[in-house]
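Reviewing the structure listed below.
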Amino acid sequence: MKILYISKSSIPSRTANSIHVMKMCQAFADNGHEVVLLAPDIKNKVETGANSNDPHNYYGVKKNFKIIKLWHPDLKWGAILYLLKIFFYLIFNKNFNLVYGRFLHGCYIAAFLNKRVIFESHESLFDMKRLRYFVFKQLIKSKCFEKLIVISQALKNIYLEKKFLKDIEIQVA
């Protein structure tokens, strides 16, 4: 299977989410999948110094997946430009069987373009800004939405209480 992992994590960085993203991509590839990671290219947000030119080495992961950095200016509305880059990447690269990610808006763009999507959430989106809540509701209504991955049973229960998703549509990992 060809998996596109859409991320909002700066690569390389010391943040937990960037470590998680890299380890997930390695795990997918270790399981025989062809994996491409999309990450924002924000010049002043990445680590510099030893190993920073080689993200695989920086994180101590195998070079069994490809990393593509898309331009993301460090501006207030830079995320919109990053989303446009994701949109065009998906338009011109149609050979993925699945899009996986922790970046809600990127996953929504993929579903909008009729790509199968699995979204991973580490927080309750119901406590977030209205736009994120709206985008989440649109994503899970999409015929391309496959599953929601959460990090705890408590978080799964929060999503189940809202009755947007069935138990089988949410997986704790």
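Wholly within region 48-165, which helices (runs of 4 or more DSSP H) include no fewer than the required count, namely at least 2 residues that are among the hydrophobic types (A, V, I, L, M, F, W, C) and more than 22 Å from residue 33 (Cα to Cα)? Helices (runs of 4 or more DSSP H) meeting the threshold: 78-92, 104-112, 130-141, 153-161.
Taking region 1-44 as the range and being farther than 23 Å from residue 116 by Cα and among the β-branched types (Val, Ile, Thr) as the test, the residues that pass are 11, 15, 19, 42.
Scanning region 127-146 for residues that are in contact with a helix residue (DSSP H, G or I) (Cβ under 7 Å, 6 or more places away or on another chain) and under 18 Å from residue 113 (Cβ atoms) yields a total of 7. Residue 27 falls short on exactly one of the conditions (1) modelled with pLDDT of 95 or more; (2) within 13 Å of the chain's Cα centre (by Cα), and that condition is (2). For region 55-62, does any single residue satisfy the condition of being open to solvent by less than 50 Å² (accessible area, probe 1.4 Å), at pLDDT 95 or above, under 16 Å from the mean Cα position of the chain (by Cα) and aliphatic (A, V, I, L, M)? No - not one qualifying residue is present in region 55-62.
The residues of region 139-156 that are surrounded by 13 or more Cβ atoms within 10 Å (Cβ to Cβ) and free of Cβ contacts under 8 Å to residues at least 40 places away in the same chain, listed by number, are 139, 140, 142, 144, 145, 147, 148, 149, 150, 151, 155, 156. Kindly evaluate residue 170 against the criterion of being open to solvent by less than 80 Å² (accessible area, probe 1.4 Å), within 22 Å of residue 3 (Cβ to Cβ) and within 15 Å of the chain's Cα centre (by Cα). Here the answer is no, as residue 170 does not meet what is asked. Reported count of residues in region 68-94, each being open to solvent by 70 Å² or more (accessible area, probe 1.4 Å) and without any contact (Cβ under 8 Å) to a residue 24 or more places away in the chain, is 9.
For residue 97, work out the one condition from (1) loosely packed, with under 15 Cβ neighbours inside 10 Å; (2) in contact (Cβ under 8 Å) with a residue 24 or more places away in the chain; (3) over 29 Å from residue 31 (Cβ atoms) it doesn't fulfil. The one condition residue 97 does not meet is (3). Restricting attention to region 120-173, the residues being within 16 Å of residue 108 (Cα to Cα), aliphatic (A, V, I, L, M) and touching a Lys or Arg at 6+ places or on another chain (Cβ under 8 Å) number 1. Between 32, 49, the distinction of being modelled with pLDDT of 95 or more, over 15 Å from residue 6 (Cα atoms) and loosely packed, with under 13 Cβ neighbours inside 10 Å belongs to 32 only.
The values are calculated or read from the model by the stated rules, or taken from the named source; none is laboratory data. On a predicted model such as this, the values are computed, not experimentally measured, just so you know. All Cβ positions, even for glycine, are placed from backbone atoms using ideal geometry, and neighbour counts span all protein chains on display. Calculation scope for accessible area: heavy atoms of the full protein, side chains included, ligands and nucleic acids excluded. Shrake-Rupley method; radii C 1.70, N 1.55, O 1.52, S 1.80 Å.
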